[in-house]
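**Q** Dropping a structure here in structure tokens format, bear with me for questions.
The values are calculated or read from the model by the stated rules, or taken from the named source; none is laboratory data. Model, not experiment: these values are computed from the prediction. Using ideal geometry, Cβ is built from the backbone for each residue, glycine included, and neighbour counts are taken over all protein chains shown.
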Amino acid sequence: MEDAVVPPPSDPALARVASALEARGFAGEIWDEGWRLVYLSSEYRTLVSAGRRSTQVPGIGEHILSTAMVEARERWPTGPTSASFREAARDWVGYVTATTPGGRDALLEIADPSFAAIIADTTPEPPPAAWSIRADVKFGSETVGNDALISPIHDTDGRRAGYLALVKPEVRAALGDVRLFERMSRLLEPARRPAAILFADLEASSALARRLSTSSYFKLVRRLALRSDRAVVEAGGVVGKHVGDGVTAFFLAEDGRSESATARACVETMRAIRDAARESAGRSDLPDDALVIRFGLHWGATLYVGRLMTSGRAEVTALGDEVNEAARIEACASGGRALASKALVERLDAADAAALGVDLDNLSYTPLAALPTAVEKARRDAPAIAVCEL
């Protein structure tokens, strides 16, 4: 049964904690006094049940260190990896040992063999008022860090009834990648910052959306957006706005990175997004060439770049004529081409150009207005911008 109400723990003290978790949507686990898992909050069950708040979660009733619990966590679509969970256990196995009747020998009988060395090496001691751990949590083929705050639960008479683990994602899990968060943090104060600009947009997306179910199209666009953003971050860039099926990105010539290296990162990201489009199409059972993306690459020597925060989100925005020009370049790149401005390409030094396979001496440029694919806005706003195809 999905999305049903899960009965609270039978112990009144644990039931009260479960109620508090549900009241404010906390993600948490509750363990009884014998370290058996007796409750997962609805928010947590959403994570470990592939997005559904299932009542049928493997592991309920199992000891925290038992083989059955290890196997249960392995079956959770989203849950701590075995290696990171064992590593985190070094910080608290002594508390489990101290509160297990029969001590270390009894716990070794209960625990999965993978914990034997950890149990043997730890010193039994009473659980403190609270402690925290970190574990890597699997999300498909990715892992992100999760932090947990653990504390004993006592009833009104002081009896220890069990334990509560409150779980939260680290910054990378909440924001996508801690590197992007750190770069955005440095942009808190808006300022003029030279940067390479990338505009990309999915061509003929309306026709593609009509061919696919809404659910399938959403999954396709999400898959492409995730891979595109990852390509930007891996190349040292900052993701800008997502508008419809498009993405913008900025590569700042800061932190000791030369203008040539910055321009190269922009070109490499364009190629990575092309690869991501082919991969995303294949994952959606579409031909490799089903996703056709237009690219516009430009250089902004006088961009005004900063972080924009509203009550709903945080994003990086850039203002300047070059941003509008980059959008016009992208609009002219129909047929899945990548058009780069002369201003960007000529910032490449010989080594970076060679690494990209670009022959600087034999390139020829065309003004946007002279392109057969020039759109009206490009003819009006940026007719003289010289571009070449990469």
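**Q** Can you report the number of residues in region 373-388 which are acidic (Asp, Glu) and loosely packed, with under 15 Cβ neighbours inside 10 Å?
**A** Looking only at that region, the number is 1.
**Q** Right, something else. Inside region 97-117, can you point out the residues that are under 34 Å from the mean Cα position of the chain (by Cα), in a helix (DSSP H, G or I) and surrounded by 19 or more Cβ atoms within 10 Å (Cβ to Cβ)?
**A** Answer for region 97-117, where residues must be under 34 Å from the mean Cα position of the chain (by Cα), in a helix (DSSP H, G or I) and surrounded by 19 or more Cβ atoms within 10 Å (Cβ to Cβ): just Phe115.
**Q** May I ask you to verify whether Glu109 is touching a residue at least 24 places away in the same chain (Cβ under 8 Å) and more than 23 Å from Gly28 (Cβ to Cβ)?
**A** no
Condition check ((1) at pLDDT 95 or above; (2) β-branched (Val, Ile, Thr); (3) at negative phi) across all residues:
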site	(1), (2), (3)
Thr67	yes, yes, yes
Ala72	no, no, yes
Thr81	no, yes, yes
Leu107	yes, no, yes
Ile110	yes, yes, yes
Thr122	no, yes, yes
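**Q** Only residues that are out of contact with any helix residue (DSSP H, G or I) (no Cβ under 7 Å at 6 or more places or on another chain) and surrounded by 20 or more Cβ atoms within 10 Å (Cβ to Cβ): list them for region 222-235, please.
**A** Asp229, the sole residue that qualifies.
**Q** Looking at the structure I just gave you, is Arg183 in contact with a Gly (Cβ under 9 Å, 6 or more places away or on another chain), under 30 Å from Arg328 (Cα atoms), surrounded by 18 or more Cβ atoms within 10 Å (Cβ to Cβ) and modelled with pLDDT under 95?
**A** Criteria met by Arg183.
**Q** Which one of Ser54, Ser49, Ser10, Ser19 is at pLDDT 90 or above, farther than 30 Å from Gly103 by Cα and among the hydroxyl-bearing types (Ser, Thr, Tyr)?
**A** Answer to the check: Ser19.
**Q** Scan region 20-28 and tell me whether some residue there is touching a Gly at 6+ places or on another chain (Cβ under 8 Å), among the small types (Gly, Ala, Ser) and farther than 21 Å from Asp155 by Cβ.
**A** No; the residues of region 20-28 include none that is touching a Gly at 6+ places or on another chain (Cβ under 8 Å), among the small types (Gly, Ala, Ser) and farther than 21 Å from Asp155 by Cβ.
**Q** So the check is Cβ under 7 Å with 6+ separation or different chains; which pairs have a first residue in region 10-33 that's over 18 Å from Ile64 (Cβ atoms) and a second one that's small (Gly, Ala, Ser) and at pLDDT 95 or above?
**A** From region 10-33, the pairs are Ala13/Ala161.
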